[in-house]
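What follows draws every value from the coordinates through simple rules; no lab data is involved. Model, not experiment: these values are computed from the prediction. Ideal geometry is used to build each Cβ from the backbone, glycine not excepted, and the neighbour counts take in all protein chains shown.
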Amino acid sequence: MTRVLVVGSINMDLVVSSPRLPRLGETVMGYGFATYPGGKGANQAVAASRLGAEVAMLGCLGGDEFGVQLRANLEREGVDIRHVREVDVPSGVATITVSDCDNATLVVPGANCRVTPEHLDEAEQAFADTDVVLSQLEIPLKTVRHAAMLAGRYGKPMLLNPAPAIPLPEDLLSRITLLTPNEHEFLTMLAEPTGDWRNLLVQHPGKLVMSHGKHGAYYASSAGELRHEPGYVVDAVDSTGAGDTFNGALATFLPLGLKEAVRRANAAGALSVTRHGAQSGMPTLTELEAFLEGQP
Ligand code: RIB
């Protein structure tokens, strides 16, 4: 069983279903509203836990009702929440408009901004006790940098899902074992807005996996050859959390080697879009295996 330490965000998602996205200044009538547990960190933790990993989460919640619900959700999902702190700012929220299977999201980080390097130092033993560290960019960048440093101190691989994307400083890039942008985040992360992702990918053998929605994922082998693991055809209803499911699965299956981990992560990501909400469609290990067995 892979042990995964997730250092990241926890949000409540306020989700509106709408026939289309409103333009600036326009009002559009939506047809559904629901709240779902979310946040890239929590989503990745839940994805890994459902797939059989032993998951610990390091993050922050407010002392509000959303905080109570989000904490209970992580606990129900079997995630170790010893290092989830309550702080005196509101829990993170995301407003998400879902239209035609795609989504537009606005995140107010709130308590997630309180995930500090000091918080990580106090939980340092968790870095010693894990197999993989997994993080994203909805917590302060200095905290992600510190997580990479602590992962390095204990010789643990550090996966960074650079979402939401920003250009990453060179010192952080060099400390990360595996970067997992999607096709949009890839060029932003490398500060190469006009670059050719295929060329850039092969310049980072074994260090970058680029997810590409229903097309699957691309990476460069350690010999520098471009590799493609195809995606899977499913009936998609909501793509929110697909990237998080991919990342949680990738961390969980990393000990099987990059090719197999990417194959399984693609399948898990595909299954996740078949239900509404970031976490609702995330498969269990049994569901994932049954799905893969049914593939040609
Ligand atoms: O990746 C999806 C997540 O992004 C949502 O759950 C939302 O909380 C935002 O963080």
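Counting 0.36 nm for each residue step from SER222 to VAL234 and taking away their Cα separation leaves a gain of 1.2 nm.
The share of Cα pairs per 10 Å bin across region 106-247, counted from zero up to the longest distance, runs 11, 38, 35, 15, 1 percent.
Sorting ASP131, ASP121, ASP13 from the fewest to the most surrounding beta carbons within 10 angstrom yields ASP121, ASP131, ASP13.
Beta bridges assigned by DSSP with both partners in region 134-223 are antiparallel in approximately 35 percent of cases. Dividing the helix sum by the residues of the chain, where each DSSP H run of 4 or more adds -39500 (n - 2.57), gives a mean residue ellipticity at 222 nm of -10000 deg cm²/dmol. Model label sites at ARG82 and GLU287, defined 7 Å from Cα along the beta-carbon direction, differ in position by 2.9 nm. The GNM of the chain, with springs linking C-alpha atoms under 10 angstrom apart, assigns the highest mean-square fluctuation among MET12, MET29, MET149 to MET29. Spin-label pair ASN199-GLU65: with each label point 7 Å from Cα along the Cα-Cβ axis, the two points sit 5.5 nm from one another. For a test of the definition: using alpha carbon positions, the gyration tensor, and the 1.5 limit on a/c, classify the chain as rounded, prolate or oblate. Since a/c stays below 1.5, the shape of the chain is classed as rounded. Stretching LYS259 away from LEU24 to a fully extended chain increases their span by 80.3 nm, per 0.36 nm per residue minus the current alpha-carbon distance.
Here the Debye sum runs over all C-alpha atoms of region 221-273 as equal scatterers in vacuum, and log10 of I(q)/I(0) at q = 0.12, 0.26 Å⁻¹ comes out as -0.27, -0.97. The equivalent ellipsoid that matches the C-alpha gyration tensor of region 83-132 spans semi-axes of 30, 16, 7 angstrom, in descending order. Cross-link reach is defined here as a Cα-Cα straight distance under 23 Å, omitting same-chain residues fewer than 8 places apart; for LYS259 the lysines meeting it are LYS156, LYS207, LYS214.
Modelled this way, with points 7 Å down the Cα-to-C-beta line, the labels at SER174 and GLN295 are 3.7 nm from one another.
Rg/Rh for region 1-117 stands at 1.03; both radii use Cα atoms, and Rh follows the Kirkwood definition. Just the number, please: percent antiparallel of the DSSP beta bridges in the chain, rounded to the nearest 5. If we restrict to bridges inside the chain, about 40 percent are antiparallel.
Here is the list for region 12-116: GluC sites (Glu not before Pro) lying in DSSP coil, each with at most 10 other C-beta atoms within 10 angstrom of its C-beta, are GLU26.
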